[in-house]
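Remarks on the structure that follows.
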Amino acid sequence: MATFVLLHGGGSTAWDWHLVGPLLEGAGHDAVAVDLPIEDADAGLEQYVAVIGAAVPAAPQVIVVGHSLGGFIAPLACEYLDADGLVYLAGMIPLPGESFADWWTATGHDLESVDDDPEVLYFNGVPDALAREARARERDQQGDWMSLPWPADRHPAVPTLAILCREDNLFPTSFMRRQVRERLGIEPVEVDGGHYAALSHPGAVAAALVDFAGRLAG
């Protein structure tokens with residue numbers, strides 16, 4: 001049995017995982033979705049990790065999952081928790097010394113043609129009621145850490161999974177495949193859904209996570 005530590009993306013909440021969490025628990029795992037202190041302008045990544053550490057009980061197998069901007073936090077939490085696995089779900093994959101602000105040009109994302117409409121970028125494929133609820137729960141993402149160098153000197157030396165969402169309009173498939181291959185040296189697992197696949201295709205996301213946990217358990 002694994003304990004999945006589920007980290008939301010920028011401007012969001014732990015609610016994003018409310019459909020995936022029960023599916024993981026139904027498969028015999030534990031799920032801990034954490035609300036990160038994103039509205040605290042003074043909170044750095046160290047504080048984010050401390051909040052995560054306080055929310056996660058001791059467990060024999062821990063897998064940290066970061067969605068979108070949560071990719072900047074998940075590797076740090078993985079190290080802090082001495083986790084057994086790391087997952088990026090439509091995640092930003094930082095390099096040592098690279099800031100969130102610089103990531104967009106460093107990865108070539110600034111050369112991608114993406115829609116300006118947030119509804120198209122984030123919520124394509126999400127049922128209307130869930131999209132409205134997600135928007136109602138949005139928070140103001142703040143923090144000087146986003147303009148500072150990412151503090152880790154490497155990615156955690158643990159088994160790592162990258163989940164690519166085939167209909168993701170923010171991080172298109174060709175861009176994500178390149179980012180995953182160049183920055184992690186692995187091939188992504190592809191699932192249906194847009195950027196918020198945890199809301200539009202929770203079963204596919206949960207299945208990929210459960211399969212990863214099974215492979216770790218060996």
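Numbers below:
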| quantity | calculated |
| --- | --- |
| Highest-MSF residue in the chain out of Met92, Met146, Met176 [GNM, Cα springs under 10 Å] | Met146 |
| Inter-label distance, nm, simple model (7 Å from Cα along the C-beta direction), Ser113/Gln61 | 4.4 |
| Extension gain, Arg178 back to Ser147 (0.36 nm per residue minus Cα-Cα distance, nm) | 8.8 nm |
| CD proxy at 222 nm, helix term only [per DSSP H run n ≥ 4: -39500 (n - 2.57); per residue of the chain; nearest 500] | -10000 deg cm²/dmol |
| Contour minus Cα-Cα distance for Arg137 and Leu95 (0.36 nm per residue) | 12.1 nm |
| Peptides ranked, highest mean first, by Cβ atoms within 10 Å: ranges 109-116, 44-51, 180-187 | 44-51, 180-187, 109-116 |
| Cα gyration tensor, region 145-205 - rounded (a/c under 1.5), prolate or oblate | prolate |
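Since every read-out is calculated from the coordinates, none of them should be taken as a lab result. Note that the structure is predicted; figures quoted are calculated from it, not measured. Quick reminder, even Gly has a Cβ in these numbers, built from the backbone with ideal geometry, and neighbours come from all protein chains shown.
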